Amino acid sequence: MPTITVRIPEDLKKRMRRIKGVNWSEVIRKAILERVMIEERLRERDWSLVEKAAGEIDKLRMEIQAMYGRCDYDSAETIRCWRDARYGEDSS
């Protein structure tokens, strides 16, 4: 098994020494594993759900376009307008 080194403050090390019966290596291993699992879940994508959502959005857009006609609304222009108003025109 590979070894890693973890630096901790001296006062924490002293406090750990006072607590008997705790396998600190195992505690750290479990904490690292738990964090790795959290990070992996955050990075995973269920692409079938992404594709399904994109399809539903496209369907909605087509329905709205059929009901009201094409809209030439530019959201980037609106965002830029509000940013300029909030931070000044040099905010780009």
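Counting only residues that are in contact with a helix residue (DSSP H, G or I) (Cβ under 9 Å, 6 or more places away or on another chain) and surrounded by 10 or more Cβ atoms within 10 Å (Cβ to Cβ), how many does the range 1-31 have?
3
Within the range 34-46, is there a residue that is more than 29 Å from the chain's Cα centre (by Cα) and exposed (fewer than 10 other Cβ atoms within 10 Å of the Cβ)?
First, pick out the residues of the range 34-46 that are more than 29 Å from the chain's Cα centre (by Cα): none.
Checking the range 34-46: not a single residue is more than 29 Å from the chain's Cα centre (by Cα) and exposed (fewer than 10 other Cβ atoms within 10 Å of the Cβ).
Contact list please: Cβ distance under 8 Å, first residue in the range 11-28 and under 16 Å from Met1 (Cα atoms), second residue of a type in the set (Asp, Glu), pairs at least six apart or on different chains.
Hits for this filter: zero, empty list.
Tell me which residues, restricted to the range 43-92, are modelled with pLDDT of 90 or more and aliphatic (A, V, I, L, M).
Result: Ala53, Ala54, Ile57, Leu60, Met62, Ile64, Ala66, Met67, Ala76, Ile79, Ala85.
Would you pick out the residues in the range 64-92 that are part of a helix (DSSP H, G or I) and of a type in the set (Asp, Glu)?
Applying the first criterion (part of a helix (DSSP H, G or I)) to the range 64-92 yields 64-68, 75-87.
The answer is Glu77, Asp84.
The values are calculated or read from the model by the stated rules, or taken from the named source; none is laboratory data. Values in this document were obtained by computation on a predicted structure and should not be read as measured data. As a convention, Cβ positions derive from the backbone with ideal geometry for all residues, glycine included, and neighbour counts pool all protein chains shown.
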